[in-house]
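The values are calculated or read from the model by the stated rules, or taken from the named source; none is laboratory data. Bear in mind the structure is a predicted one, so any value in this text is a computation, not a measurement. Every residue, glycine among them, receives a Cβ derived from its backbone with ideal geometry; neighbour counts consider all protein chains shown.
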Amino acid sequence: MDIIDKVISKLRPKARQGMAGIWLDEHKFVEAAGKVRQSGYTKFDAISPFPLHGIDDAMGIPFSYIPWVTLTFGLTGFSFGTWFTWWASSQDWAINIGGKPMWSLPAFIPIMFECTILLAALSSVGALLWICNLPMIDPPVIDPDLTSHKFGLFVPEDDTGYDAAKLEQLFRQLGAVEVKKAEF
């Protein structure tokens, strides 16, 4: 296996088998996500063409840790910018020009600011890509209309208490216009 095949195999998602329900109304969809969670399912996914208010609470998704990554790397960038400007101006290349101080804070604020923003932004993007397992090559598609006007819930077979018949009945009771076995 050559290197390109190895990279593609790492980037290709591992498809899971399960049951998918599709809704047309976002309010019924958010309500259905809450009922599915109350039914004991914990590993289900929600697919929506746009962000939905309340879906995180309905699914029981905790707050993201990306802000903490951003803060940590932002402070690291600030510390590095402060240390580097001090080291470069007063230790490595110490030149006294016109009696000015060797290290003057106002002169180096832009550098410290830029280091803070650079590390914070890059770490946020990196953490997002890591959490979402991106990039994905050829991800499985439940329904092509989930990217325009439909909403879907997918419950994998390895979820606790998975029963296809009960799940299909639950989806239909919650207003799903279509229920089907799928991989995602």
Failed item in (1) over 25 Å from M136 (Cα atoms); (2) among the acidic types (D, E); (3) without any contact (Cβ under 8 Å) to a residue 40 or more places away in the chain, with D2 passing the rest: (1)
Residue list for segment 110-139, filter: surrounded by 15 or more Cβ atoms within 10 Å (Cβ to Cβ) and either modelled with pLDDT under 95 or closer than 24 Å to Y65 by Cα (or both): C115, T116, L118, L119, A120, S123, S124, A127
Extreme residue, farthest from K14 (Cα to Cα), among residues of segment 172-184 that are of a type in the set (A, V, I, L, M, F, W, C) and in a loop (DSSP other than H, G, I, E, B): L174
Residue check for T85: surrounded by 14 or more Cβ atoms within 10 Å (Cβ to Cβ) and in contact (Cβ under 8 Å) with a residue 12 or more places away in the chain: yes
Of residues in segment 23-44 being under 22 Å from the mean Cα position of the chain (by Cα) and of a type in the set (D, E, K, R), the one surrounded by the fewest Cβ atoms within 10 Å (Cβ to Cβ): K43
Looking only at segment 147-171, and only at residues there that are without any contact (Cβ under 8 Å) to a residue 24 or more places away in the chain and part of a helix (DSSP H, G or I), the one that is farthest from S9 (Cα to Cα): Q169
